[in-house]
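Some notes on the structure that comes next.
Since every read-out is calculated from the coordinates, none of them should be taken as a lab result. Note that the structure is a prediction, hence the values are computed from the model and not measured. All Cβ positions, glycine included, derive from the backbone under ideal geometry; neighbour counts span all protein chains shown.
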Amino acid sequence: MSTISPMLVRLAAEQATGALLRDRGTLYLADGQVVHAESPSSPGMEVMLTASGRLRPEGWQEAVDRAGARGRVARFLVDSGQLGGGELEICHLSALHDAAFFALAPSSGPTRFRYGVVHWMGPVQSVPAARVEREAARRRELLDQLWPYEAVDTAPVVRTHRLADAPVTPRQRAVLALVDGVRTAQDIARVLGRPAFHTLIDVRRLAAAGVLETPRAPTAQPTVPDWVTDVGTGTDPDIALLTRLRDALEATL
């Protein structure tokens, strides 16, 4: 398997600490290991915890306000009794791999590293950089096996009139209930408070079953040829004929 990010491999070997910035997200490293990740395409821990009802939005905001500047948000959530330690670790790992999948997506943009930068979440659990890369590659291969068309990942999706051949799972029904031709898979993930990758799995499976698709491009309207629109209204029989032809064509638009 080819390396997704040569810079990440080099930083891991250097045991670097800081933030690796890419087009679609950021990986935070401590001593060469990935300790956090975030991406605009991923809901993030706060959405997963609050949208699911596990954590009150006010509780999350209190943790950020009181411990964010010290980089101790995770510790505050546990010490205040709002989350158990094991529960926090599971949610953190889920959010880390979800955001890393998008952050490590193929990109032609610049990759930068800011040494010494730490995330305000604070230490929770670290993951070897090589494992993060392998998981991101495995997820991409899985999506391509299910439905090798990336348009459904980022474009709004709409329902078709076709019924699925196989039974629709409860998780897929929840996704379908939010499909409105405006929301993307990432939008749906945020509403549900689920990892975006899991939602992409459901969307691609439903697309493969013919139940979902991206909106069709509008059909181009026919145009009147220049030689017709330039015709005058003279009395010559040929001109009169062309004039009637022009009027007939314009009436169909």
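If we count every other residue with Cβ under 12 angstrom of residue 198's Cβ, Lys/Arg +1 and Asp/Glu -1, where does the sum land? It works out to a net charge of +3. Between residue 177 and residue 21, the FRET efficiency estimated from the beta carbon spacing at R0 = 30 angstrom works out to 0.25. The fewest-to-most ranking of 120, 147 by surrounding Cβ atoms within 10 Å reads 120, 147. Between the residues 188, 207, 149, the greatest Cα displacement towards the positive end of the dipole of the stretch 90-229, with unit charges on the Cβ of Lys, Arg, Asp and Glu, is found for 188.
Between residue 66 and residue 163, the contour length at 0.36 nm per residue exceeds the Cα-Cα span by 29.9 nm. In terms of surrounding Cβ atoms within a 10 Å radius of their Cβ, 152, 9 rank from fewest to most as 9, 152. With neighbours defined as other Cβ atoms within 10 Å of a residue's Cβ, the residues 146, 83, 163, 206 order from fewest to most as 163, 146, 83, 206. The loop-placed GluC sites (Glu not before Pro) in the stretch 1-101, going by DSSP, include none that has at most 13 neighbouring Cβ atoms within 10 Å of its Cβ. Summing Lys and Arg as +1 and Asp and Glu as -1 over all other residues whose Cβ lies under 14 Å from the Cβ of residue 111 gives a net charge of +3.
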